[in-house]
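Down below is the structure, laid out as structure tokens.
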Amino acid sequence: MNFGFTEEQELLRAGVRRLLDESAPVARVREVVESEDGFDRELWSRMASLGWVGLTIPEDLGGAGADLVTLVVVLEETGRTLLPSPLVSTVLAAEAILRGGDDEQRRRWLPSLADGSRIGTFALLEENDSFAAGELHLTGERSSDGFRLNGRKAFVPDVAAADLYVVPFRAGSGEGPIAFAIVERPAPGVSASDEPGLDPTKRLGTLGLDGVRVGARDVLAGPGPGSELLARLLDVGAALVTAEAVGAAEGALRLTADYARTRVQFGSPIGRFQGVKHPLAEAFVDVESFKSLVYYAAWALDHAAADASLAVSRAKAYASESFPRLGIDAVQLHGGIGYTWEYDAQLYLKRAKWFRPAFGDADHHYDRIAALGGL
């Protein structure tokens, strides 16, 4: 059995890396994050034209019809250069519509998400910052033609850049079933604003919903209970950000190893000292370990394996512990200069800190592992 990537996937990886090396090196990333949009719209259009944005959307809906494992190849490379883009957000919004929408809804929204002309995001979290279905409190009041939404969603990725929001809510009352509304940016009562955050390459913000009317045709029907779709989206989201973390962790490790080879102290490169070699060796083992875990998690999600959720939690839990530790070591092994804006080590540390709670921190996923394992 071949456990490696296909020739086509490796060619995709090479193409992604080549484009990002040319158009989005870290020096360029620094410029982009200072812009109003927070990402490069011209590069976004190129990514969409190359099929990256619609990679997992079926071909008859404008996408490439690829699987999550292939998307992992792309995300490793975007993570490596800390690319600021709404790629994960848009993919997750498309996944919600693909899994929960009917044929008309898929035809209505997915082609524009696939070609990058519309940016989507998934607005789940509220002020309680909980991923548990039982902690979802936004209520949609029933109206003659659908629902009316009043409330706020917090920590929404790429909220100010998005044109379309997938918003889970309770239908009818606080105890009602979970439903998913598709809310478009121009709708009356919708407001979106970025909030100050630790990682400038990953913008988060607040989505305000002030009496927003959602028609019945804007509510995802789904083949099963809304809680099942919510669980699927959380699994996919956790797997995607962990795939990005693989590339970012490898980037931080390479940056620090290169510095250790050239920084001379006491007449010798510091990479020769055990106090430097050992943390780097341990970090390498950690990165290779959660890389393997996320590869299997993506495969399991693609094939609806019985242990898919367990695989996702294993990957996310391991990475949520080891990547932030690597980020701290990267800064410390650079010495005091590692904390300064001029050096890139602090950018990787900030990405690690952003990643840790995204779609559940290590404690959340270890608890989930225990529950899924029957403990």
Return one quarter of the surface area of the convex hull spanned by the alpha-carbon atoms of region 7-86, equal to its mean projected area, in nm². 5.1
Using alpha-carbon coordinates, inclination of helix 7-23 to the longest axis of the chain, degrees: 80
Placing unit charges on C-beta atoms (Lys and Arg positive, Asp and Glu negative, everything else neutral), compute the dipole magnitude of the chain about its Cα centre in debye, rounded to 20. 540
Which translational diffusion coefficient, to the nearest whole µm²/s, is obtained for region 120-220 from the Stokes-Einstein equation, given a Kirkwood hydrodynamic radius over C-alpha pairs, 37 °C and 0.692 mPa s? 243
Which far-off residues, 5 or more places away or on another chain, put their amide H under 5 Å from the one on Gly65, with H placed in the peptide plane? Ile57, Glu59
Cα centroids of region 166-193 and region 77-91: how far apart, whole angstrom? 25
Qualifying chymotrypsin sites (Phe, Trp or Tyr not before Pro) for region 1-48 [loop in DSSP, other Cβ within 10 Å: at most 10]: Phe3
Between helix 103-114 and the chain, what is the angle of the helix's C-alpha long axis to the longest principal axis, kept within 0 to 90° and rounded to the nearest 10? 30
Per the rule of 0.36 nm per residue minus the C-alpha distance, extending Glu195 to Ser130 adds in nm 21.6 nm
Identify all lysines with a Cα-Cα distance to Lys277 below 24 Å; exclude those on the same chain that are fewer than 8 residues away in sequence. Lys291, Lys350, Lys353
Across all Cα atoms of region 215-341, Rg and the largest Cα-Cα distance (Dmax), in Å, are 19.7, 72
Using only Cα atoms, find the angle between the long axis of helix 68-80 and the longest principal axis of the chain, and express it within 0 to 90 degrees, rounded to the nearest 10. 50
Can you order the peptides 80-90, 303-313, 139-149 by their average number of other Cβ atoms within 10 Å per residue, highest first? 80-90, 303-313, 139-149
Let me have the relative contact order for the chain, percent, based on Cα pairs under 8 Å that are six or more residues apart. 15
Loop-located GluC sites (Glu not before Pro) in region 278-375, at most 12 other Cβ atoms within 10 Å (DSSP): Glu342
Starting from one equal scatterer on each C-alpha and no solvent at all, send me the Debye-based log10 I(q)/I(0) for the chain at q = 0.11 Å⁻¹, two decimals. -0.75
Quick one: net charge of Glu22's neighbours, Cβ under 11 Å, K/R +1, D/E -1? +3
As I understand it, the dipole of region 7-86 uses +1 on the Cβ of Lys and Arg and -1 on the Cβ of Asp and Glu, about the Cα centre. Which of Val26, Leu83, Ser49 lies farthest toward its positive end? Val26
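Each reported figure results from applying straightforward, stated rules to the coordinates on display, with no laboratory input. The structure displayed is predicted, hence computed values, not measured ones. Please note: Cβ atoms are built from the backbone with ideal geometry, for glycine as well, and neighbour counts cover all protein chains shown.
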